[in-house]
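The structure under discussion appears below in the form of structure tokens.
The values are calculated or read from the model by the stated rules, or taken from the named source; none is laboratory data. Keep in mind the model is a prediction, meaning the values are calculated, not measured. Cβ placement follows ideal geometry from the backbone for every residue including glycine, while neighbour counts extend to all protein chains displayed. For the accessible areas, the whole protein counts, side chains as well, though only heavy atoms, and no ligand, DNA or RNA atoms are used. Shrake-Rupley method; radii C 1.70, N 1.55, O 1.52, S 1.80 Å.
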Amino acid sequence: LQRLRARLARSNSALGKGLLALLSRGGLDEEAWEEVEDTLIASDLGVEATTELVDSLRRRVSVEGATDEATVRGWLKEELLALVQPGLDRRIASSRVGDRPAVILVVGVNGTGKTTTVGKLARVLVAEDRDVLLGAADTFRAAAADQLATWGDRVGVPTVRSDRDGADPAAVAFDAVKAGIEEEVDVVIIDTAGRLHNKVGLMDELGKVKRVIEKQSEIDEVLLVLDATTGQNGLQQAKVFSEAVNVTGIVLSKLDGTAKGGIVVAVQRQLGVPVKLVGLGEGPDDLAPFDPEAFVDAIVD
Ligand code: GDP
């Protein structure tokens, strides 16, 4: 946990430093507030959230009359934490529901880190003593099923896949859920393809995967993987996916590769669902539950 915190801090410190430099300059004049705004917008917080945050911070500074760094920093933390919405339920559905496994569908644009996230999530759940089964429904990218099966071997869980490239992803998803029910596992995690250039095709495909799974089981969790380094573009992608499936949580991958932590706030506002997990590297242990308090501390301290 310490290690993850340190990484998170490194990924976000640019924002913190910029703000603190401004706050500690003393005497928050109009120009300084504009710079605070620019710094927050540059961190991908989004214009709306930035305006809200700066407005309420300015109000507090003017009402309560304090401008010393420590006080303003404390308020900044409070306001940021409120924007991150610490009260949201960020648990992942991973326990059996009645006599069937929990079903988790993982969606997102190719290259965002879907397959890696499925592997890392399987590892987290195995460490929690869950029986996990993977489904390789990304049948479009030739190497995707191999990559997922490699993760499965590494983590020690079975992978259901098709023996030929270009198979029907919905058929693989169906087989994976069927196997999960027969084997009485706790949770089935299904990797999917994400070809965004063909929006209609993508939505049709995901819609079909969803319908076919639902012949046997409900879908308990739909995790949308977004690459934190793609910033506001990622938000556009997010919209497309949320129109195709009912997204229940966001995995923000590659947070180790950006200083723009504000994207957490922006994406939650855009989709109305919580960031549940964050990717902090390529290794098997580099997936962490999203912790709002630690996140805000990492940004501001
Ligand atoms: P997919 O096409 O969405 O399934 O993406 P992959 O899982 O194949 O990941 C694409 C690349 O991103 C790979 O090189 C991964 O190692 C890398 N990656 C995934 N998650 C993270 C992360 O949290 N941090 C970093 N730095 N790299 C990541």
* To do: Sort through A102, A171 and tell me the only one that's modelled with pLDDT of 90 or more and closer than 28 Å to G272 by Cα.
  => A102
* Asked: Does A122 count as more than 18 Å from L287 (Cβ to Cβ), in contact (Cβ under 8 Å) with a residue 40 or more places away in the chain and within 13 Å of the ligand (Cβ to nearest atom)?
  -> no
* Structure fact -> The correct count of residues that are loosely packed, with under 14 Cβ neighbours inside 10 Å and without any contact (Cβ under 8 Å) to a residue 40 or more places away in the chain in the stretch 82-98 is 2
* Asked: Which of the residues belonging to the stretch 282-301 are touching a Ser or Thr at 6+ places or on another chain (Cβ under 9 Å) and part of a helix (DSSP H, G or I)?
  -> A298, I299
* Could you list all residues from the stretch 113-131 that are open to solvent by 10 Å² or more (accessible area, probe 1.4 Å) and among the polar types (S, T, N, Q)? => T116
* Structure fact -> The residue that is modelled with the highest pLDDT, considering only those in the stretch 43-81 that are of a type in the set (G, A, S) and surrounded by fewer than 16 Cβ atoms within 10 Å (Cβ to Cβ), is S56
* Asked: Quick check: is even one residue across the stretch 138-157 more than 30 Å from V36 (Cβ to Cβ), open to solvent by less than 10 Å² (accessible area, probe 1.4 Å) and at pLDDT below 95?
  -> yes
* Candidate set from the stretch 259-283 (those that are open to solvent by 40 Å² or more (accessible area, probe 1.4 Å) and more than 20 Å from V54 (Cβ to Cβ)); member that is nearest to the ligand (Cβ to nearest atom) -> E282
* Structure fact -> V251 meets each of (1) β-branched (V, I, T); (2) touching a residue at least 60 places away in the same chain (Cβ under 8 Å); (3) within 18 Å of L80 (Cα to Cα) with one exception, condition (3)
* Asked: Which of the residues spanning the stretch 245-301 are of a type in the set (K, R) and out of contact with any Asp or Glu (no Cβ under 8 Å at 6 or more places or on another chain)?
  -> K276
* Condition met for K239 (assigned to a helix (DSSP H, G or I), of a type in the set (K, R) and out of contact with any helix residue (DSSP H, G or I) (no Cβ under 9 Å at 6 or more places or on another chain)) -> no
* Taking the stretch 242-257 only, how many residues are touching a Gly at 6+ places or on another chain (Cβ under 8 Å) and within 14 Å of the ligand (Cβ to nearest atom)? -> 6
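Here's the yes/no breakdown for (1) of a type in the set (S, T, N, Q); (2) open to solvent by less than 30 Å² (accessible area, probe 1.4 Å); (3) in contact with a His (Cβ under 9 Å, 6 or more places away or on another chain); (4) within 16 Å of the ligand (Cβ to nearest atom):
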residue: L133; (1), (2), (3), (4): no, yes, no, no
residue: R164; (1), (2), (3), (4): no, no, no, no
residue: P169; (1), (2), (3), (4): no, yes, no, yes
residue: T192; (1), (2), (3), (4): yes, yes, no, yes
residue: G201; (1), (2), (3), (4): no, yes, no, no
residue: L206; (1), (2), (3), (4): no, yes, no, yes
* So is I219 among the hydrophobic types (A, V, I, L, M, F, W, C), open to solvent by less than 10 Å² (accessible area, probe 1.4 Å) and in contact (Cβ under 8 Å) with a residue 12 or more places away in the chain or not? -> no
